[in-house]
Amino acid sequence: MLHPAQSLQRHGHDAAPWPPIDVCHEADAAGVALRCEVEPGRGGGRKGQRAGHVAHGGTSGVGRSRRSRRRGPGVGTAGQPGPARARRVRRRTNGARGCFDRERRCSTPTYRPALGGVHRARRLPGTGLTTARGTRGTRRCPVTVTWERFDDGVVVLTLDDPDRRNAMTAAMGDELAARCDEVAADDTVRAVVLTGTPPAFSAGGDLDMLEDLARRAREEGFDAAPFMRAFYTRFLRIAELPVPVLAAVNGHAVGAGLCVALAADLRVVATTAKLGLNFARLGLHPGMGGTWFLPRLLGPERAAAWLYTGALYDGASAAGQGLALESVEAAQVLPRTLELAGEIAASSPVVVRQLKRTLQASPQLDLSTALAAEAAAQAVSYGTADLAEGLAAARARRPARFPGR
């Protein structure tokens, strides 16, 4: 059984703060250049560094600090925003279960209203992230998807924007897709757990983005279809991973946020979490694959009831209807999901990856074609070191230690 202590640190249990961010530059879609710095003594340790210094474009030009000038142009001049700049932070921790990496990068959210006036940066308690506040809204820098890797080949990906209930933006989707690309390229990964930083798994699509798309469609005749298709692709990259994906739904999952969980192979949900595809209650047709995933899990009639009414169900009811493998108390969602992932990781990696492809294809196959696919897969298995180890372990009555080849 996996020991989840390392992962639980990032999910509400004695979480250690991130290393401080020294400086963060970005320019938003409206051309306002932002510069955020950490509180004095918590960044690069430079005396005189002011917390919350923000330079913004305007008729009077841009204010820049000594650090910014020395680094070269990173923010724009009046009317000419400079290129967005990012500072990547990596933390590597050695623990009882081996090391894991956590990464985050500054991204500029699409369709985020411009922030005007003077802003003051503050550090979010318990996260080490910096928020730039202004008179017309709040902007968080950066949107993150964190990564944790265990020695047995289990990877945990976490949607990590808790102040906004892990609302889905294009920038978050880019981060998730990038992490998925890294996982897909690593043959030693055996299972992936997808979760969200509490209090929610994901509240769905970012309302600012949806409102801006609606305004542009009404006023400009904007066709949002290409944007939405690309938006889906970012998040549904998890469905294309060659290893099983387990969704640890430790809080509310609504709309597109639930759709991402539906794209996983297995789901464990919190008993009290609210789950539903409430698109119809917003006046928006379902997206993110909701009309494809839900009937395959619940059947056409029950799925139609969920979609037509936009109703929300608690985790226990949803699991009882077949949406999830099981429901447990919120505090046990991640440990239980990690336990399942560990059991998968203990199986033959060759067979598990074959099974992922077979199970994805089987609904479209007739029995004869499915039997032919199984025979071809077994023919591959006969030549693997995994089968040789499995047979030897069975004769010796010991657990198999599969090499994955």
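The values are calculated or read from the model by the stated rules, or taken from the named source; none is laboratory data. Predicted, not measured: the structure shown is a model, and the values here were computed from it. As a convention, Cβ positions derive from the backbone with ideal geometry for all residues, glycine included, and neighbour counts pool all protein chains shown.
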Test: residue in the range 163-173 that is over 29 Å from Ala330 (Cα atoms) and not basic (Lys, Arg): no
Those residues of the range 148-176 which are hydrophobic (A, V, I, L, M, F, W, C) and part of a helix (DSSP H, G or I), in sequence order: Ala170, Ala171, Met172, Leu176
Enumeration of residues in the range 279-328 that are of a type in the set (Lys, Arg) and farther than 26 Å from Leu207 by Cβ: Arg296, Arg302
Cross-chain or 6+ apart pairs with Cβ under 7 Å, the range 245-262 first and in the same structural domain as Gly173 (by TED's automatic domain parsing), then acidic (Asp, Glu): Val245/Asp265; Leu246/Asp265
Residue within the range 274-297 that is outside any loop (DSSP other than H, G, I, E, B), charged (D, E, K, R) and touching an Asp or Glu at 6+ places or on another chain (Cβ under 8 Å) present: yes
Check on Pro363, out of contact with any Asp or Glu (no Cβ under 8 Å at 6 or more places or on another chain), part of a helix (DSSP H, G or I) and assigned by TED's automatic domain parsing to the domain that holds Asp152: no
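Per-residue answers, yes or no, for (1) surrounded by 15 or more Cβ atoms within 10 Å (Cβ to Cβ); (2) in contact (Cβ under 8 Å) with a residue 12 or more places away in the chain; (3) out of contact with any His (no Cβ under 9 Å at 6 or more places or on another chain):
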site: Phe293; (1), (2), (3): yes, yes, yes
site: Trp306; (1), (2), (3): yes, yes, yes
site: Gln321; (1), (2), (3): yes, yes, yes
site: Ala324; (1), (2), (3): yes, yes, yes
site: Leu334; (1), (2), (3): yes, yes, no
site: Arg353; (1), (2), (3): yes, yes, yes
site: Leu365; (1), (2), (3): no, no, yes
site: Ala372; (1), (2), (3): no, no, yes
